[in-house]
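Novice: For reference, the structure I am asking about is given below.
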Amino acid sequence: MSERFRRFDLTGKTALITGGAGLLGLEHGIALLESGATTVLTDIDEAKLTSAASFLSRHAESQRILTCVMDVASGESIRTVAQELVKSGRRIDILINNAAIDPKVTEERAMTESSRLENFPLDQWQKQISVGLTGAFLCSQIFGAAMAQDGKGGVILNIASDLSVIAPDQRLYRTAGTDDCMQPVKPVTYSVIKSGLVGLTRYLATYWADRGIRANALSPGGILNGQNEEFVERLAALIPLARMADRDEYRAAVQFLCSDASSYLTGQNIVMDGGRSVW
């Protein structure tokens, strides 16, 4: 390996990824495995975790791929996993707070009605925030405190979104022949959670700086994942690069942010959206 790339090497490090069985969770796992890390995939769905581990085994030795069923909305669940990892001799060096409920915009009448701000249910607000924001806080509190306590430092990476810096363009979701009061929208929770993650990032970056812990956020733009052609064309028209991202295009950013290659970077929100937020 060229000397200039050695700072990307994560051999001997262990990274825990929440929401590890999801679309981006898998990509983060591949990125870290490619850099030499052992990955601990956590998710609430055991079957999906098993499938995710099988998928990742194509990219690395299976002994570097661990799975743990964990509910990020439960402090007890997180502490149980943390204790199990300690018992097995695993120190978490990298925490990627990736778990989220991403409400999909749908034209179904009931879902359309409830997604709009005027009708958005309180229980959905609380549920989505408990996973996407409270979950990141709890994982940072538990795993971050362990990183700080032993003096070896570490990295916390929060996965935010371009909607942490811009508002959702609800015109993307409009459907012909639907009254304005019934048009589908991106729910309010997504923007609030992703903006909150950036605030959490800044707090963590200053709170544990003297303990060698760096915290940054990565804000991806839209990722191609089977969306209908009309939506893709509408979104591409808002992006200077004129396209959505491929699912693997965030791997190098994760490798940079989780390694010593970014050793002087902390408290920042890296917006990687094809230029959408600057137009």
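Novice: Exactly one condition in (1) within 17 Å of the chain's Cα centre (by Cα); (2) of a type outside the set (Gly, Ala, Ser); (3) open to solvent by 70 Å² or more (accessible area, probe 1.4 Å) is not met by residue 5; state its number.
Specialist: Unmet for residue 5, out of (1) within 17 Å of the chain's Cα centre (by Cα); (2) of a type outside the set (Gly, Ala, Ser); (3) open to solvent by 70 Å² or more (accessible area, probe 1.4 Å): (1).
Novice: With respect to residue 165, determine if the residue is touching a residue at least 40 places away in the same chain (Cβ under 8 Å) and farther than 29 Å from residue 76 by Cα. Explain how you work it out, then say what you get.
Specialist: Numbers: touching a residue at least 40 places away in the same chain (Cβ under 8 Å): yes; farther than 29 Å from residue 76 by Cα: yes.
Spelling it out, residue 165 is indeed touching a residue at least 40 places away in the same chain (Cβ under 8 Å) and farther than 29 Å from residue 76 by Cα.
Novice: Residue under question is residue 60, and the condition is that it be more than 16 Å from the chain's Cα centre (by Cα) and at negative phi; does it hold? I'd like the intermediate steps shown before the answer.
Specialist: Values: more than 16 Å from the chain's Cα centre (by Cα): yes; at negative phi: yes.
The answer is yes for residue 60.
Novice: Working only within segment 27-52, note down all residues that are hydrophobic (A, V, I, L, M, F, W, C) and within 21 Å of residue 90 (Cα to Cα). Talk me through it step by step, then tell me what you get.
Specialist: So in segment 27-52, the residues hydrophobic (A, V, I, L, M, F, W, C) come out as 30-33, 37, 40-41, 44, 47, 49, 52.
The answer is 30, 31, 32, 33, 37, 40, 41, 44, 49, 52.
Novice: Then there's this: Scanning for something open to solvent by less than 20 Å² (accessible area, probe 1.4 Å) and of a type in the set (Ser, Thr, Tyr), does segment 180-195 turn up at least one residue?
Specialist: The answer is yes, given that some residue of segment 180-195 is open to solvent by less than 20 Å² (accessible area, probe 1.4 Å) and of a type in the set (Ser, Thr, Tyr).
Novice: Just the residues that are open to solvent by 50 Å² or more (accessible area, probe 1.4 Å), aliphatic (A, V, I, L, M) and either in a loop (DSSP other than H, G, I, E, B) or without any contact (Cβ under 8 Å) to a residue 40 or more places away in the chain (or both), please, taken from segment 239-277.
Specialist: Matches in segment 239-277: 241, 242.
Novice: Here's something else I'd like to know. Residue under question is residue 201, and the condition is that it be in contact with an Asp or Glu (Cβ under 6 Å, 6 or more places away or on another chain), hydroxyl-bearing (Ser, Thr, Tyr) and either modelled with pLDDT of 95 or more or open to solvent by 10 Å² or more (accessible area, probe 1.4 Å) (or both); does it hold? Lay out the reasoning, then the answer.
Specialist: Values: in contact with an Asp or Glu (Cβ under 6 Å, 6 or more places away or on another chain): no; hydroxyl-bearing (Ser, Thr, Tyr): yes; either modelled with pLDDT of 95 or more or open to solvent by 10 Å² or more (accessible area, probe 1.4 Å) (or both): yes.
Against the criterion (in contact with an Asp or Glu (Cβ under 6 Å, 6 or more places away or on another chain), hydroxyl-bearing (Ser, Thr, Tyr) and either modelled with pLDDT of 95 or more or open to solvent by 10 Å² or more (accessible area, probe 1.4 Å) (or both)), residue 201 does not qualify.
Novice: Also, I was wondering about something else. Six or more apart or on different chains, Cβ atoms under 7 Å: show the pairs whose first residue is in segment 150-162 and crowded, with 24+ Cβ neighbours inside 10 Å and modelled with pLDDT of 95 or more and whose second is assigned to a strand (DSSP E or B) and among the hydroxyl-bearing types (Ser, Thr, Tyr).
Specialist: These pairs meet every condition: 160/219; 161/219.
Novice: Any chance you could count how many residues in segment 214-238 are open to solvent by 70 Å² or more (accessible area, probe 1.4 Å), of a type in the set (D, E, K, R) and more than 22 Å from residue 166 (Cα to Cα)?
Specialist: Residues in segment 214-238 being open to solvent by 70 Å² or more (accessible area, probe 1.4 Å), of a type in the set (D, E, K, R) and more than 22 Å from residue 166 (Cα to Cα): 1 in total.
The values are calculated or read from the model by the stated rules, or taken from the named source; none is laboratory data. Just so it is clear, the model here is predicted, and its values are computed rather than measured. Positions of Cβ are generated from backbone atoms using ideal geometry, with glycine treated the same way; all protein chains shown enter the neighbour counts. With ligands, DNA and RNA removed, areas are computed over all heavy atoms of the protein, side chains included. Shrake-Rupley method; radii C 1.70, N 1.55, O 1.52, S 1.80 Å.
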